[in-house]
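Okay, so here's the structure we're looking at.
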Amino acid sequence: MSDPVSAMNGAKFSGLAQVEDSGLQGMITLRGNLASATFKAAVKAATGAEVPTSGQVSLAEQGGVAWMSPDELLLLVPYAEVEAKVAELSEALKGEHALAVNVSDARGVFRLSGDGAREVLAKICPVDMSAEAFKPGQFRRTRMAQVAAAFWLDNNGAFHIVCFRSVGGYVYNLLCTAAHPQSKVGALTG
């Protein structure tokens, strides 16, 4: 059996912003009662992060949690630990109405950084990407041109983008085209 590879196998592009395949990321879709103390404790134990509020992402040293819907979270954990984390969650949530599923290999993850990153996303997403409207810690499910995607902004100014792996090539090419040096619009910076 061969080793797993990420959606774009480490591809990188540098233009108005830097686009890079983030590599393998452990991801767990977790559904349940987000207000339950047992649910919150299980999330914290699995990721080190708190359950975020609507439209937010909560990041910790060992993982993170993104708010997907009123009863769904996306847990970010090390790829090598994802199966163990799913088992831990299932055990911790026995008796709760909950479901934990490993979706790591069904997703692609990209990192978009640099001064032009906001402009790159503004070209392809129907989201106000101004610094006043989109701040670190916010999480947005949206469309990137013709496909579903989600992203957040970390405290270092980099965007992290999640899409279905089946459209990973499309999203990567879309980001690279929007980041092409000759495509600058100049509406957003920083």
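General remarks:
- Restricting attention to the stretch 3-31, the residues being more than 16 Å from the chain's Cα centre (by Cα) and within 18 Å of V82 (Cβ to Cβ) number 4.
- Close Cβ contacts (under 9 Å, 6 or more residues apart or on different chains) running from residues in the stretch 157-186 that are on the phi > 0 side of the Ramachandran plot to residues that are polar (S, T, N, Q) and surrounded by 16 or more Cβ atoms within 10 Å (Cβ to Cβ) comprise G157/S113.
- No other residue among L73, L89 is out of contact with any Ser or Thr (no Cβ under 6 Å at 6 or more places or on another chain), buried (at least 21 other Cβ atoms within 10 Å of the Cβ) and in contact (Cβ under 8 Å) with a residue 60 or more places away in the chain apart from L89.
- Residue among S58, S130, S104, S69 that is among the small types (G, A, S), closer than 27 Å to L175 by Cβ and out of contact with any helix residue (DSSP H, G or I) (no Cβ under 9 Å at 6 or more places or on another chain): S69
- Of the residues in the stretch 41-53, none is in a strand (DSSP E or B), open to solvent by 80 Å² or more (accessible area, probe 1.4 Å) and either closer than 27 Å to S166 by Cβ or out of contact with any strand residue (DSSP E or B) (no Cβ under 6 Å at 6 or more places or on another chain) (or both).
- Some residue of the stretch 107-114 being over 18 Å from the mean Cα position of the chain (by Cα), open to solvent by less than 20 Å² (accessible area, probe 1.4 Å) and touching a residue at least 24 places away in the same chain (Cβ under 8 Å): no
- Of all residue pairs spaced 6 or more apart or on separate chains, none has beta-carbon atoms under 6 Å together with a first member in the stretch 1-27 that is over 13 Å from I161 (Cα atoms) and among the β-branched types (V, I, T) and a second member that is open to solvent by less than 50 Å² (accessible area, probe 1.4 Å) and not in a strand (DSSP E or B).
- Meets criteria (in contact with a Gly (Cβ under 9 Å, 6 or more places away or on another chain) and of a type in the set (D, E)) for E91: no
- Failed condition for Q62, given (1) open to solvent by 60 Å² or more (accessible area, probe 1.4 Å); (2) touching a residue at least 40 places away in the same chain (Cβ under 8 Å); (3) within 29 Å of P4 (Cα to Cα): (2)
- Applying a threshold of 6 Å to beta carbon distances and a minimum spacing of six or more residues, or different chains, the list of pairs starting in the stretch 34-57 at a residue that is touching a residue at least 24 places away in the same chain (Cβ under 8 Å) and ending at one that is part of a loop (DSSP other than H, G, I, E, B) and open to solvent by 70 Å² or more (accessible area, probe 1.4 Å) reads F39/N33.
- Here T38 meets each of (1) open to solvent by 10 Å² or more (accessible area, probe 1.4 Å); (2) part of a strand (DSSP E or B); (3) more than 19 Å from A106 (Cβ to Cβ) with one exception, condition (2).
The values are calculated or read from the model by the stated rules, or taken from the named source; none is laboratory data. Here the structure is a predicted model, which means the values were calculated and not measured. As a convention, Cβ positions derive from the backbone with ideal geometry for all residues, glycine included, and neighbour counts pool all protein chains shown. Heavy atoms of the whole protein, side chains included, go into the accessibility calculation; ligands, DNA and RNA do not. Shrake-Rupley method; radii C 1.70, N 1.55, O 1.52, S 1.80 Å.
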